[in-house]
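Peer 1: Just dropping this structure here.
The values are calculated or read from the model by the stated rules, or taken from the named source; none is laboratory data. As the structure is a prediction and not an experimental result, all values here were calculated from the model. As a convention, Cβ positions derive from the backbone with ideal geometry for all residues, glycine included, and neighbour counts pool all protein chains shown. Calculation scope for accessible area: heavy atoms of the full protein, side chains included, ligands and nucleic acids excluded. Shrake-Rupley method; radii C 1.70, N 1.55, O 1.52, S 1.80 Å.
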Amino acid sequence: MSNPQPGDSDFVPPGGITCERCVEFLLDHSEGTLMPEELRAFEEHIAACPPCGAYLANYTRVARLAEAAGGPSPGSLPAPQRLIDAILRARRHSHG
Amino acid sequence: MERSVGSETHEIAGRTPSPEAAAEQPLVHRLKAGEDAAYADLVAAHSGRMLAVAARICPEEAEDVLQEAFISAFKAMPKFDGRSLLGTWLHRITVNAALMRRRSRSRRREVDVEGLMPRFRGGFFEATPEPVPEPVTAGGLLDIEQKKAVWAAIERLPEDYRTVVVLRDMEGLSSSAVAASLGVSDALVRQRLHRARLALTKLLAASEFAGAGAS
Ligand SMILES: [Zn+2]
């Protein structure tokens, strides 16, 4: 490859930041709390750096998967009465 | 709002309770006094939501989790300080009970999160990271096998990280709510969440999740 690579003296990292810095920005990016100049650097870096682009996709996906693994929040069905009775009975017993 | 007459109100030193917490104070007093009817009210008011939380985290044993959570709460009632709402407090107790139950069932070895952080050379990725597969789903819902794989990965995280992922990403609490619930700083919650997600990208890219659902 002819483009300067990390380690070359004439290498300018995309967006002026390293991949490591870019990864540090991921949480703030996902929450929309990057400062404007950080956001610009982040977006420029992501656009020009395939590994960071792939990593951003992974990061976003992991957050979504964790959310989805929790399942739908059932609209809070009432607990069955027998269960409620058992809980209250257990309390009275433990209090003599 | 009506003034409470004749009933002493314990206010938390140096802190004005929120209107919601203040509204709960009469119930809290009755609970601390051990009134059976107050406990019946408490269980009736909160058991539905707690059961839903338990079912989300530990679907196979949600009812057992609910019972354990209430028993812990009854024991802890003398120490309830009224700084959070009863619902918030019970939510945290339920999440803890559900996680403990999962933990005792799964007996998975916890991973060292440090070993799962992305590797850089001179600050740059050496290679493109392995992708976390996109689940093929209907309407964004995971199937059973996919859920199992995601849970298997989450369960391998050390407890401090696991709890943050569950409270923030699954239960949808804000970072500051998680911080208040765990008694740690907001910054620490965010740091743990970030590192947990980094670790999960590695665990999920390598897991059986890769095959689940996509075929
Ligand atoms: Zn990069």
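Peer 1: If the cut-off is a Cα-Cα distance under 20 Å, which lysines reach B:Lys75, setting aside same-chain residues fewer than 8 apart in sequence?
Peer 2: The qualifying lysines are B:Lys32.
Peer 1: Accessible area of A:Ser9, 1.4 Å probe, to the nearest 10 Å²?
Peer 2: Spelled out: A:Ser9, probe radius 1.4 Å, area about 130 Å².
Peer 1: Can I ask one more? Counting only other residues whose beta carbon sits under 10 Å from that of B:Tyr39, what net charge do I get with K and R as +1, D and E as -1?
Peer 2: Net of charged neighbours comes to 0.
Peer 1: Next question. Once the Cα atoms of helix A:50-69 and of chain A are each reduced to a long axis, what angle between those two axes, in degrees from 0 to 90 to the nearest 10, is obtained?
Peer 2: 10 degrees
Peer 1: Additional query: In debye, nearest 20: dipole of the protein assembly as shown around its Cα centre with unit charges on the Cβ of K, R (+) and D, E (-)?
Peer 2: So the dipole magnitude of the protein assembly as shown works out to roughly 1100 debye.
Peer 1: Related question: Grab the DSSP H runs of chain B that are 4 residues or longer, score each as -39,500 (n - 2.57), total them, divide by all residues and round the 222 nm result to the nearest 500 deg cm²/dmol.
Peer 2: Value at 222 nm, helices only, nearest 500: -18500 deg cm²/dmol.
Peer 1: Okay, next question. Once you order the gyration tensor axes a ≥ b ≥ c over the Cα atoms, which shape class does the stretch B:110-215 get: rounded for a/c under 1.5, otherwise prolate or oblate by comparing a/b with b/c?
Peer 2: In terms of gyration-tensor shape, oblate.
Peer 1: Oh, and also: Classify the protein assembly as shown: rounded, prolate or oblate, from the alpha-carbon gyration tensor (a ≥ b ≥ c, eigenvalue square roots; a/c under 1.5 rounded; otherwise prolate if a/b is larger than b/c)?
Peer 2: Prolate shape, in that a/c is at least 1.5 and a/b is the bigger ratio.
Peer 1: Please enumerate, by chain and number, the lysines with C-alpha under 29 Å from the C-alpha of B:Lys147, excluding those fewer than 8 residues away in the same chain.
Peer 2: The reachable lysines, counting only those whose Cα sits under 29 Å from B:Lys147, are B:Lys202.
Peer 1: Now for a different question. Among the complete DSSP H segments of chain B, which ones combine at least 15 Å of alpha-carbon extent along their axis with a mean Kyte-Doolittle hydropathy of -0.5 or more?
Peer 2: B:36-57, B:62-76, B:86-106, B:144-155, B:186-206
Peer 1: If I fit a long axis through the Cα atoms of helix A:81-94 and take the longest principal axis of the Cα atoms of chain A, what angle between them do I get, 0 to 90°, rounded to 10?
Peer 2: Once rounded, one gets 80 degrees.
Peer 1: Turning to a different aspect of this structure: Ignore the peptide's own chain and count Cβ atoms of other chains within 10 Å of each Cβ in A:34-47; give me the average, rounded.
Peer 2: Partner-chain Cβ atoms within 10 Å, mean over residues of A:34-47: 0.
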